[in-house]
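The structure that follows is given in the form of structure tokens.
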Amino acid sequence: MSNGRRADIDPSRKGGTAKSRPAAVRGAEAYDRIILGIDPGTTVMGFGVVAVAGSELHLIEAGAIRFDPEDDHTLKLRAIFGSTIAIIERHLPDELAIEAQFFGKNVQSMLKLGRAQGVAIAAALQRELSVVEYAPKRVKQSITGNGNAAKEQVAAMLLSILRIKDLPSSTDATDAVAVAVCHHFANSGRITGVKAGRGGAKDWSAFIRNNPDRVR
């Protein structure tokens, strides 16, 4: 059994660093706020850090942190907490946007994912970040205009929205960036999607069925 250290961080895209909170000035850029997006999981946690400067969005960092699937579940939770704290300390975000959990038929999977989400939220609260949850369907709706859009469609729209040429290859990282961008749209009144609620249950259950490797 390993010691629960985080491992396998996918190559990420960096556009700046966060150095100080006063006046929302970080590095060489003046940002209105910085949003941390997280796609929680017990073996893979996607994250995306997006900075808001006026009407523009800048992708600061994105990637996927992989945890040893052979680890005890409590060690994974400790690693998720530590990894989230490390990202927060690196970029000093103002807010956490996280993909919401929904109930499905696989109760054990739901419990594990709920714990992973809760630990990431606890890390953000410890650093006094505001926390908002978004249903997967609402995230897709806000990015593409279609709550049932494929991941490839979401990724393509993110390239256009963020005005970048590429994203990390990990879909977990892309999902996390999408959650952060969704949160920005929600705050700026640009979201036109589906409200979080029972309507997202089928999407979350499908996620479990299609991604069994995310919960072990």
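The values are calculated or read from the model by the stated rules, or taken from the named source; none is laboratory data. Because the structure is predicted, anything quoted here is derived from the model rather than measured. For neighbour counting, all protein chains shown are included, and Cβ atoms are generated from backbone atoms with ideal geometry for every residue, glycine included.
Sort out which residues of the range 132-147 are surrounded by fewer than 16 Cβ atoms within 10 Å (Cβ to Cβ) and out of contact with any Lys or Arg (no Cβ under 7 Å at 6 or more places or on another chain), and write them in order of number.
Within the range 132-147, just G145 meets the criteria.
In addition: Limited to the range 140-188, what total is found for residues that are of a type in the set (A, V, I, L, M), in contact with a Leu (Cβ under 9 Å, 6 or more places away or on another chain), part of a helix (DSSP H, G or I) and in contact (Cβ under 8 Å) with a residue 60 or more places away in the chain?
Qualifying residue count for the region: 8.
Also, quick follow-up: Given (1) at positive phi; (2) out of contact with any Ser or Thr (no Cβ under 8 Å at 6 or more places or on another chain), where does K165 come up short, assuming only one miss?
Only one criterion is unmet by K165, namely (1).
Step by step: first the residues of the range 30-43, then only those that are of a type in the set (A, V, I, L, M) and modelled with pLDDT of 95 or more, then the one that is farthest from A186 (Cα to Cα). Which residue is that?
Selected residue: I38.
If only one of G41, G63, G82 is within 19 Å of A122 (Cβ to Cβ) and crowded, with 19+ Cβ neighbours inside 10 Å, which one is it?
Among G41, G63, G82, only G41 is within 19 Å of A122 (Cβ to Cβ) and crowded, with 19+ Cβ neighbours inside 10 Å.
When you scan the range 87-114, how many residues do you find that are assigned to a helix (DSSP H, G or I), modelled with pLDDT of 95 or more and surrounded by 18 or more Cβ atoms within 10 Å (Cβ to Cβ)?
Residues meeting the conditions: 3.
When you scan the range 165-178, do you find a residue that is at pLDDT below 95, surrounded by fewer than 14 Cβ atoms within 10 Å (Cβ to Cβ) and in contact with an Asp or Glu (Cβ under 8 Å, 6 or more places away or on another chain), even just one?
Yes, the range 165-178 contains a residue that is at pLDDT below 95, surrounded by fewer than 14 Cβ atoms within 10 Å (Cβ to Cβ) and in contact with an Asp or Glu (Cβ under 8 Å, 6 or more places away or on another chain).
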